[in-house]
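Inspection log for the structure reproduced underneath, given as structure tokens.
The values are calculated or read from the model by the stated rules, or taken from the named source; none is laboratory data. Please read all numbers here as calculations on a predicted model, not as lab measurements. Here Cβ is always computed from backbone atoms with ideal geometry, including for glycine, and neighbour counts include all displayed protein chains.
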Amino acid sequence: MSNFENEKRNLLSAKTPDQYIDRSIKSKLKPGQKGSITLEWLRKTGYSNEDIQHARNRNPYWKKLKGKGSYERNSERLEKYNFNKSDSQKRVWTEKDLDKLYDMNKTMADWELAKHFKTSIPSINHLRRKFRLSEEIMKANGEKPNKKKILRYSLKAEKLLREELNG
């Protein structure tokens, strides 16, 4: 029997929401897999999503996680996914890099893009904002947005793009 099947059987055999949450935390399954198994467990046992939430809020692991502020969680996340380890050097984006980022933008998560381009999540988010602002400016000017124009606009500073859009 596969590891997935063992983990699934273990989760589905939980008798109470508290037990389910404990087993879910210890499980090596991916969040999406746990989510579908949770729905199955809820149907099987008759418990509600509120019961699961209540058990989760009482669980020491989740209490500790919730007690940790969003600033700390975000800082940890940004550090974990900062692929530009040489903080002294700022990444210089070439037109070729921007072109590639534009193509990959819709299909990849911010951390995946950061890893691919060896940069930080804030850097990727900054460029995504510039792409969006460029598109909004073109629409406001009655132009049809296209990749070439968006890339040209995105070479400008974000502040200038905002001023152009709002001005």
Q) What are the pairs, 6+ residues apart or on separate chains, where a residue within the stretch 144-167 that is farther than 18 Å from GLU95 by Cα has its Cβ under 7 Å from a residue that is assigned to a helix (DSSP H, G or I)? A) ARG162/LEU133; GLU164/ILE137; LEU165/LEU133; LEU165/GLU136; LEU165/ILE137; LEU165/ALA140
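Which residues, taken from the stretch 109-148, are of a type in the set (Phe, Trp, Tyr) and in contact with a Lys or Arg (Cβ under 9 Å, 6 or more places away or on another chain)? Show your work before the answer.
The first filter runs over the stretch 109-148 and keeps only residues of a type in the set (Phe, Trp, Tyr), leaving 111, 117, 131.
Residues satisfying the conditions are TRP111, PHE117.
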Q: Go through LEU101, LEU29, LEU42 for me and flag whichever is in the same structural domain as SER123 (by TED's automatic domain parsing), on the phi < 0 side of the Ramachandran plot and surrounded by 11 or more Cβ atoms within 10 Å (Cβ to Cβ).
A: LEU101
Q: Name the single residue, out of those in the stretch 116-135 being in contact (Cβ under 8 Å) with a residue 12 or more places away in the chain and surrounded by fewer than 16 Cβ atoms within 10 Å (Cβ to Cβ), that is farthest from LYS80 (Cα to Cα).
A: ARG129
Q.
Among the residues of the stretch 72-95, are any at pLDDT below 95, more than 30 Å from ALA114 (Cβ to Cβ) and loosely packed, with under 11 Cβ neighbours inside 10 Å?
A. no
Q: Would you check if ALA109 is among the small types (Gly, Ala, Ser), touching a helix residue (DSSP H, G or I) at 6+ places or on another chain (Cβ under 9 Å) and either closer than 30 Å to ASN146 by Cβ or modelled with pLDDT under 95 (or both)?
A: no
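Any residue that is over 30 Å from SER24 (Cα atoms), out of contact with any Pro (no Cβ under 8 Å at 6 or more places or on another chain) and not assigned by TED's automatic domain parsing to the domain that holds SER24 - is there at least one of those in the stretch 72-83?
Yes; the residues of the stretch 72-83 include at least one that is over 30 Å from SER24 (Cα atoms), out of contact with any Pro (no Cβ under 8 Å at 6 or more places or on another chain) and not assigned by TED's automatic domain parsing to the domain that holds SER24.
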(Q) Which of the numbered conditions does PHE83 fail, given that it passes all the others? Conditions: (1) under 28 Å from GLU164 (Cα atoms); (2) in a loop (DSSP other than H, G, I, E, B). (A) (1)
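Quick one: in the stretch 31-45, of everything that is hydrophobic (A, V, I, L, M, F, W, C) and over 14 Å from ASN10 (Cα atoms), which residue is nearest to the chain's Cα centre (by Cα)? Walk me through it before giving the result.
Initially, the stretch 31-45 is screened for residues hydrophobic (A, V, I, L, M, F, W, C), giving 37, 39, 41-42.
Next cut, over 14 Å from ASN10 (Cα atoms) only: 39, 42.
Details: LEU39: 23, LEU42: 27 Å.
Among residues in the stretch 31-45 that are hydrophobic (A, V, I, L, M, F, W, C) and over 14 Å from ASN10 (Cα atoms), the one nearest to the chain's Cα centre (by Cα) is LEU39.
For GLU163, state whether it is surrounded by fewer than 12 Cβ atoms within 10 Å (Cβ to Cβ), within 18 Å of the chain's Cα centre (by Cα), assigned to a helix (DSSP H, G or I) and of a type outside the set (Gly, Ala, Ser). Walk me through how you get there before you give the answer.
Details: surrounded by fewer than 12 Cβ atoms within 10 Å (Cβ to Cβ): yes; within 18 Å of the chain's Cα centre (by Cα): no; assigned to a helix (DSSP H, G or I): yes; of a type outside the set (Gly, Ala, Ser): yes.
For GLU163, the condition - surrounded by fewer than 12 Cβ atoms within 10 Å (Cβ to Cβ), within 18 Å of the chain's Cα centre (by Cα), assigned to a helix (DSSP H, G or I) and of a type outside the set (Gly, Ala, Ser) - is not met.
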